[in-house]
Amino acid sequence: MYHVISIGITAILLYLISYLFYKIGYYSLQLHRKFWNSVLAAAFLTTAMAGVFLALQVNYKWNIPFIKTVLKWHAEFGIGMAITGLFHFIWHLNYYGKLFSRTIGKPVIQELQKLTSAEIKTNLFIIGLVSSSIQFLLMREIMNVTGGYELITGSFLGSWLIGSAIGASLAGKSKLNDIRKINLVFSISPLISIFLILFLSRVFLSRGESPSFLVAIIYTFLVLIPFCLVSGFTFIKLITIAGSENNFVPGKSFSIETTGGIVAGIIIAILTAGLLNTYKLLLLIILLSIGYVLTTYYIGSPKKKISAKFFILILGTFVIFLNPDLLFRQILLPGIKVTGTKDTPYGNITKGKYKGEESLYYNQRLLAYNDDATEREEDIHYAMLQSESPEKVIMISGSPQSHIPEILKYPVSSIIYIERDPALVKYETSIADKFPGKVVLVNRDAYRYIRNSAESVDVIIMLIPPPSTLLLNRYYTSEFFSDVKRRLKPDGIFMCSPGPGDDYFNKESLNLYSSIYNSLAANFKNVKPVAGNKLYFIASDKAISLSFCRLVEQRHIKNIYVSADFLEDDLIIRKSDEVNALIDHGIKQNRSAFPVACLHAQSYQFSKNLGEKVPAIVLLFIVFALPVATIKRRNLLMYFSASALAGFEMIILLSLQLMIGNMYQLTGLIIAGLMAGLAVGSGINIRFVNTISLRNKVILLILFYIIFGLIYNYMIELKSGLLSVLVIMLSGFLPALFTGRIFRELTNEPDGMATSPLIYSADLAGSAFGFIFISGFAVPVLGIKVSVFLLAALIFGGILFGTIKNK
């Protein structure tokens, strides 16, 4: 299938957005045309090369294994080339008219607008508050839409910074100095990103499915580029005004803007704790931002200002009570009729109906539905049949409405159901009321609950998704399996499902399953794979029987699917032996500090779209790594210091998942702590720090990362959740303080105002590279501990290749 209409409409839409920025004054017509001519050239070269391969295959019968992929890219880029070529043609329609015209337009250079010190401080604070709030909320939504694994997190943060760096670079060259217009465009631009979330989701993404990595990074970048470009542009223009009229050093301006980001992190952390839904909060922030711009720069009369504020208050009230998230979720999930939606600290829950049948979606993916006999019976009975008289059972995640009735087919006295998100349980049914005295609900992190609880049980059934993220990966580690075994009675049973039960297992999937199998085998005497609709691993110190049909008849269990009516024991045992023979016992065990299963899971996702693997890697290199070639040597220290700090931010966010079990709820606070360090370092004149030379500050930064790497394994073993959060926040504050200080000193030179856009761009581009490098390569391949040491190596590279004196 070729995306003729979707690619065409998307190209036209992006062109119109680009043209709008030119018309506003963000860049010149020449730059606008250069960009689209470059797109045309890239599309032409790709289409031409693909055409050569096709010709070789047709004319000379060359055996080209990737010919189908080449054919797809030939067609897709051909569509893009046709649309871009149309733009090129339209540009030159007035060519002949100009032959008879003698007038040549001259660019209008606007004078730099004057603002008071208080106005600049307020404006910088608002810019930081709004941009950081939008960042947190868009990251939450895009993570929900695209699947939420760490490489997407890195792509999001990297795309955000690259877009901001482009905006900062354009600001240094742009003639637009009308601060009113700049602020108004800034306040409206988030609406473009929201529109792109909805439009691109409908055009390119399949409902209920996680997109491929290539599609996800393109989707993320296209959604973020309008707002990020405007945000970076606005900040640099305000820095210029602050420095020229009020003698603000760039570091102080950066500190004020960062303070707004800190406040945003705290506010968003509170409001997203189940109080307001994502889109409602986005609209309220945009509305307040527009209100600030109108009442500050456009409305002069006090009476009109009061009227405008009252009108904005009425609009905000409508937004709160009308619940716009229902409309947005309906657009994102067009196949169902959305009847309810709620954002919790852990994700989004959406309830809907399809032809009268109710279904439940969690983070855009189907979680529970009626008539799910096959899935619910396999999830429960493969494990429960192994225990002769199960009394106490732990079920981790899953659908209580579907799974608990299956468990109650056995003579159990207690079922402990662990689900981190309490709102998810309430959305399904009141389990405690339906099964009084039998079911105990535990709204805690299952990892920490299993580790800290002392009660022994007969069966533990884990229905958590495969380890595609570090948050999920920790449930498939040797450490967690060791804690599970301590919770089980001597002949206890444990079962998990690391992936789908495919008929054919490729190398990537076998590496994933082997790492988890080996981790289980290191803790249990017997591990048996069962290939059903999912691939299940059953582990115990007792003998495991796969004769499920016989066991069902002996126990007089009445099932629909797990019975002799649909299954045959000999086939189950034969398939299990086949899978067992494929397990590679040489694959490393999966551990918390070395999450190899997460790496294999991401490789497995890549293997589903082999034709996209090379383009994805090339795109990542071009967008996030290649910009280092444009950085001047004197700014390389800023580039690599920012890379290290961004990589460290990813590591502490991932460590938050390992230690606490949730990324959404506390992300704002963790980032706020890091931004506080940046604000203090760049904006406050600390005498003690002033006595340390720039080079020695950098050396201290290197030593911090080395020490953190040495104590990392001890840190993640902390049992107190509050202490873990405090340690992570403090860990982010210290390196951010020194990195902010580096920014202050580099921009405090005599030519600091002239070089601020370049230094800020180097900061953002370096941060973008750090996010991708650490999340996409270092952590999955080398582990978290070694990745921390790599941060020190990055900063050493900054000392080696670029210092202040190196120009």
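So, of the residues in the stretch 392-402 that are at negative phi and open to solvent by 10 Å² or more (accessible area, probe 1.4 Å), which turns out to be farthest from the chain's Cα centre (by Cα)? Give the steps one after another, and end with the answer.
Let us first name the residues in the stretch 392-402 that are at negative phi, namely 392-396, 399-402.
Restricting the remaining residues to those that are open to solvent by 10 Å² or more (accessible area, probe 1.4 Å) gives 392, 401-402.
Numbers: LYS392: 38, GLN401: 30, SER402: 30 Å.
Among those that are at negative phi and open to solvent by 10 Å² or more (accessible area, probe 1.4 Å), it is LYS392.
With respect to ILE179, determine if the residue is under 26 Å from ALA644 (Cβ atoms) and modelled with pLDDT of 85 or more. Full working, then the answer.
On the way: under 26 Å from ALA644 (Cβ atoms): no; modelled with pLDDT of 85 or more: yes.
Criteria not met by ILE179.
List every residue pair whose Cβ atoms lie under 9 Å apart, where the two residues are 6 or more positions apart in sequence or sit on different chains, the first residue falls within the stretch 313-326 and is under 20 Å from LEU138 (Cβ atoms), and the second residue, located anywhere, is open to solvent by 60 Å² or more (accessible area, probe 1.4 Å) and among the polar types (S, T, N, Q).
Matching pairs, first to second residue: LEU326/THR339.
State which residue is modelled with the highest pLDDT when the search covers only the stretch 760-807 and only residues that are buried (at least 24 other Cβ atoms within 10 Å of the Cβ) and polar (S, T, N, Q).
SER787
Given the criterion within 30 Å of VAL779 (Cβ to Cβ), surrounded by fewer than 17 Cβ atoms within 10 Å (Cβ to Cβ) and at pLDDT 85 or above, identify the matching residue among ARG486, ARG474.
Within the list ARG486, ARG474, the selection yields ARG486.
Here is a list: PHE235, PHE311. Which entry is among the aromatic types (Phe, Trp, Tyr) and within 25 Å of the chain's Cα centre (by Cα)?
Details: PHE311 fails: within 25 Å of the chain's Cα centre (by Cα).
Among PHE235, PHE311, only PHE235 is among the aromatic types (Phe, Trp, Tyr) and within 25 Å of the chain's Cα centre (by Cα).
Taking the criterion of being acidic (Asp, Glu) and part of a strand (DSSP E or B), would at least one residue in the stretch 323-337 satisfy it?
No, the stretch 323-337 contains no residue that is acidic (Asp, Glu) and part of a strand (DSSP E or B).
Please enumerate the residues belonging to the stretch 499-511 that are of a type in the set (Phe, Trp, Tyr) and open to solvent by 50 Å² or more (accessible area, probe 1.4 Å).
Listed by number, the list holds a single entry, TYR504.
Anything in the stretch 512-531 that is buried (at least 21 other Cβ atoms within 10 Å of the Cβ) and part of a strand (DSSP E or B)? List them, or say none.
Residues satisfying the conditions are VAL527, LYS528, PRO529, VAL530.
Regarding the stretch 337-345, can at least one residue be identified that is more than 30 Å from VAL440 (Cβ to Cβ), free of Cβ contacts under 8 Å to residues at least 40 places away in the same chain and either crowded, with 22+ Cβ neighbours inside 10 Å or not β-branched (Val, Ile, Thr) (or both)?
As a first pass, look at the stretch 337-345 and keep what is more than 30 Å from VAL440 (Cβ to Cβ): 337-338.
Keeping just the survivors that are free of Cβ contacts under 8 Å to residues at least 40 places away in the same chain gives 337-338.
Now narrow it down to the ones that are either crowded, with 22+ Cβ neighbours inside 10 Å or not β-branched (Val, Ile, Thr) (or both): 337.
Within the stretch 337-345, one or more residues are more than 30 Å from VAL440 (Cβ to Cβ), free of Cβ contacts under 8 Å to residues at least 40 places away in the same chain and either crowded, with 22+ Cβ neighbours inside 10 Å or not β-branched (Val, Ile, Thr) (or both).
Keeping to the stretch 258-293, report how many residues are among the small types (Gly, Ala, Ser) and open to solvent by 30 Å² or more (accessible area, probe 1.4 Å).
Here the count works out to 1.
In a helix (DSSP H, G or I), over 30 Å from SER206 (Cα atoms) and over 23 Å from the mean Cα position of the chain (by Cα): which single residue out of ILE306, ILE262 fits that description? Even if it seems obvious, please write down each step before you answer.
Details: ILE262 fails: over 23 Å from the mean Cα position of the chain (by Cα).
None of the other options fit; the residue is ILE306.
Which one of GLN364, GLN330 is free of Cβ contacts under 8 Å to residues at least 40 places away in the same chain and closer than 26 Å to PRO211 by Cβ?
Values: GLN364 fails: free of Cβ contacts under 8 Å to residues at least 40 places away in the same chain.
Checking each option against the conditions leaves just GLN330.
Inside the stretch 578-619, can you point out the residues that are of a type in the set (Ser, Thr, Tyr) and closer than 22 Å to TYR536 by Cβ?
SER603, TYR604, SER607
Search the stretch 348-391 for residues being small (Gly, Ala, Ser) and at pLDDT 80 or above, and hand back the single one that is surrounded by the most Cβ atoms within 10 Å (Cβ to Cβ).
Of everything passing the filter in the stretch 348-391, ALA383 is surrounded by the most Cβ atoms within 10 Å (Cβ to Cβ).
Among the candidates SER206, SER155, SER174, which residue alone is of a type outside the set (Asp, Glu) and open to solvent by less than 10 Å² (accessible area, probe 1.4 Å)? Quick ask: steps written out before the conclusion?
Working: SER206 fails: open to solvent by less than 10 Å² (accessible area, probe 1.4 Å); SER174 fails: open to solvent by less than 10 Å² (accessible area, probe 1.4 Å).
After applying the criteria, what remains is SER155.
How many of the residues making up the stretch 305-321 are under 11 Å from LEU284 (Cα atoms), open to solvent by 70 Å² or more (accessible area, probe 1.4 Å) and of a type in the set (Ser, Thr, Tyr)?
0
Does at least one position in the stretch 301-313 carry a residue that is closer than 30 Å to LEU674 by Cβ and not aliphatic (A, V, I, L, M)?
First pass over the stretch 301-313, keeping only residues closer than 30 Å to LEU674 by Cβ: none.
No, the conditions are met nowhere in the stretch 301-313.
I'm trying to understand the selection: among the residues of the stretch 380-420, which are without any contact (Cβ under 8 Å) to a residue 60 or more places away in the chain and assigned to a strand (DSSP E or B)?
If the condition is that a residue be without any contact (Cβ under 8 Å) to a residue 60 or more places away in the chain and assigned to a strand (DSSP E or B), then SER414, ILE415, ILE416, TYR417, ILE418 are the ones that fit.
A quick yes/no check of all residues on (1) in contact with a Pro (Cβ under 7 Å, 6 or more places away or on another chain); (2) in contact (Cβ under 8 Å) with a residue 60 or more places away in the chain:
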position	(1), (2)
PHE254	no, yes
VAL263	no, yes
LEU271	no, no
GLY274	yes, yes
LEU284	no, no
LYS305	no, no
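Does PHE481 satisfy the condition of being at negative phi, crowded, with 16+ Cβ neighbours inside 10 Å, among the aromatic types (Phe, Trp, Tyr) and at pLDDT 90 or above?
Details: at negative phi: yes; crowded, with 16+ Cβ neighbours inside 10 Å: yes; among the aromatic types (Phe, Trp, Tyr): yes; at pLDDT 90 or above: yes.
Against the criterion (at negative phi, crowded, with 16+ Cβ neighbours inside 10 Å, among the aromatic types (Phe, Trp, Tyr) and at pLDDT 90 or above), PHE481 qualifies.
The values are calculated or read from the model by the stated rules, or taken from the named source; none is laboratory data. Remember, predicted model here, so these are calculated numbers, not experimental data. In this analysis, Cβ positions are derived from the backbone assuming ideal geometry, glycine residues included, and neighbour counts consider all displayed protein chains. What goes into the accessible areas is simple: the full protein's heavy atoms, side chains included, and nothing from ligands, DNA or RNA. Shrake-Rupley method; radii C 1.70, N 1.55, O 1.52, S 1.80 Å.
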